[in-house]
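Enquirer: One structure follows; several queries about it will come next.
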Amino acid sequence: MPVRSPIRSVFINCPFDEKAGYKKLFDALIFTVYDCGFFVRCGLETIDSGESRFQKICELIRECPYAIHDISKTELDTKTGLPRFNMPLELGLFLGANEFGRGRRKVCLILDTERDRYDKFCSDLSGVDIAWHANQPKKLVSEVRDWFQSRINQEPASKREFLPDGEVIFGRFREFVKDLPALCAERRLNRHRLKYGDYTPLMVGWLEAHPP
Amino acid sequence: MPENPEEQEQSDKPSGKTLEGKVEIRAASSATLRVRLIRQSPVMDPKKVESARESALKLKQKKLQELESALKLKKKKKLDESSQADDLDDLEIPFITPGL
């Protein structure tokens, strides 16, 4: 059954493995997406061994008008000595879908650690406006919030709204993180090994209980 | 639905009476609408979200109560301290002549 595609779906392209050390940034990122009224779509949402990872990513990109690509974790793997190519690959796939695909134009935000670092390893992107977060969740939240505000400003007047400042959203995120152990304990979940499928409903439920 | 269809018919007609009183109309803020939009997510399990929302609300309530009781305690402490200070004011401190 094809998945319904809401207008505000955001495809998230970032590292998911713990080795990448992206967990703090990822948690802050998805909190911001939901707090700004958008929905996260990413490779973690379903486990289907019958579907290839590439197929799943293509499907997600097809369904999402928006995407956030974080290419900050492209360092060499300590074991293999090879760089992580998944994020640039998925970014290329998204840009290609936008260029050659049919239907509504897709829009994306590209994130990196430093302002012009991407120019050194992905020079074809030169001239593209990207945002940088310096590996700081607070900065990432502000960059993502500002981008969503710019997208909302393009929507019809009736749907336009003012999002709170990035610092406010980050403050809400910290409140949620403080409440998380109690929420996990009630469900007998280990908060250090929380899976995406358990984490997001907890976060969305918390957001509903704490309207901005 | 009313059991008697006649009642239903009657209720649909204007009664002709003028009602007086205050009518409060509250518009949902854009922020509330934004939060509600989340439920439209195609991959979100509404049951899980609802249960998490209830837990988060309970926790919020508990924190509020704790804060309230802490404030009350602080207020009481302050009152006790000020009443102790008043007691001291009432005390007659004997005049002590230095050097005697």
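What follows draws every value from the coordinates through simple rules; no lab data is involved. This structure is a prediction, so every number in the text was calculated from the model and none was measured. As a convention, Cβ positions derive from the backbone with ideal geometry for all residues, glycine included, and neighbour counts pool all protein chains shown.
Enquirer: Determine the shielding of peptide A:38-44 by partner chains: average, over its residues, the number of Cβ atoms on other chains within 10 angstrom of each Cβ.
Expert: Numbers: counts 4, 8, 4, 3, 1, 0, 0.
So the per-residue partner count for this stretch is 3.
Enquirer: On to the next question. Taking H placed 1.01 Å from N in the peptide plane, check which residues at least 5 places from A:Arg41 or on another chain put their amide H under 5 Å from its amide H.
Expert: Under 5 Å from the amide H of A:Arg41 lie the amide H atoms of A:Val10, A:Phe11, A:Ile12, each far enough along the sequence or on another chain.
Enquirer: Here's something else I'd like to know. Using the Cα centre as the reference, give the magnitude of the dipole from point charges on the C-beta atoms of chain A (Lys, Arg: +1; Asp, Glu: -1; all else neutral), rounded to the nearest 20 debye. Please list the in-between numbers first.
Expert: Working: 33 positive and 31 negative charges, 68 e Å.
My answer is approximately 320 debye.
Enquirer: May I ask you to compute the full-extension gain from B:Leu64 to B:Leu79, defined as 0.36 nm times their residue separation minus their alpha-carbon distance, rounded to one decimal in nm?
Expert: Stretched out fully, the B:Leu64 to B:Leu79 stretch lengthens by 3.2 nm.
Enquirer: Would you work out the relative contact order for chain A, in percent, from Cα pairs under 8 angstrom that are 6 or more residues apart? Intermediate results must be reported in sequence, preceding the final value.
Expert: Values: 233 pairs, mean separation 44.9, N = 212.
Taking the mean separation of contacting Cα pairs over the length of chain A, I get 21 percent.
Enquirer: Could you tell me which of A:Phe54, A:Ser126, A:Phe11 has its Cα farthest along the dipole of the range A:9-161 towards the positive end, charges placed at Cβ (Lys, Arg +1; Asp, Glu -1), taken about the Cα centre?
Expert: A:Phe11
Enquirer: How much length would be gained if the chain were fully extended between A:Leu44 and A:Glu114, taking 0.36 nm per residue of separation minus their Cα-Cα distance, in nm to one decimal?
Expert: Result for the pair: 22.5 nm of gain on full extension.
Enquirer: Of B:Ser82, B:Ala70, B:Ser51, whose Cα points farthest to the positive end of the dipole of the range B:47-86 (charges on the beta-carbon: +1 Lys, Arg; -1 Asp, Glu; origin at the Cα centre)?
Expert: Highest projection toward the positive end goes to B:Ser51.
Enquirer: Is the shape of the range B:47-86 rounded, prolate or oblate, going by the alpha carbon gyration tensor and its root eigenvalues a ≥ b ≥ c, with a/c under 1.5 for rounded and a/b larger than b/c for prolate? Let's see the in-between values first.
Expert: On the way: a/c = 10.72, a/b = 10.53, b/c = 1.02.
Verdict is prolate for the range B:47-86.
Enquirer: Right, next: With just the Cα atoms of the range A:9-161, tell me how far they stretch along each of the three principal axes, in Å, largest first.
Expert: Principal extents (Cα only, largest first): 52, 37, 29 Å.
Enquirer: Sticking with this one: Order of A:203-211, A:151-159 by packing, highest average Cβ count within 10 Å first? Intermediate results must be reported in sequence, preceding the final value.
Expert: Details: A:203-211: 21.8, A:151-159: 10.8.
Packing order, densest peptide first, comes out as A:203-211, A:151-159.
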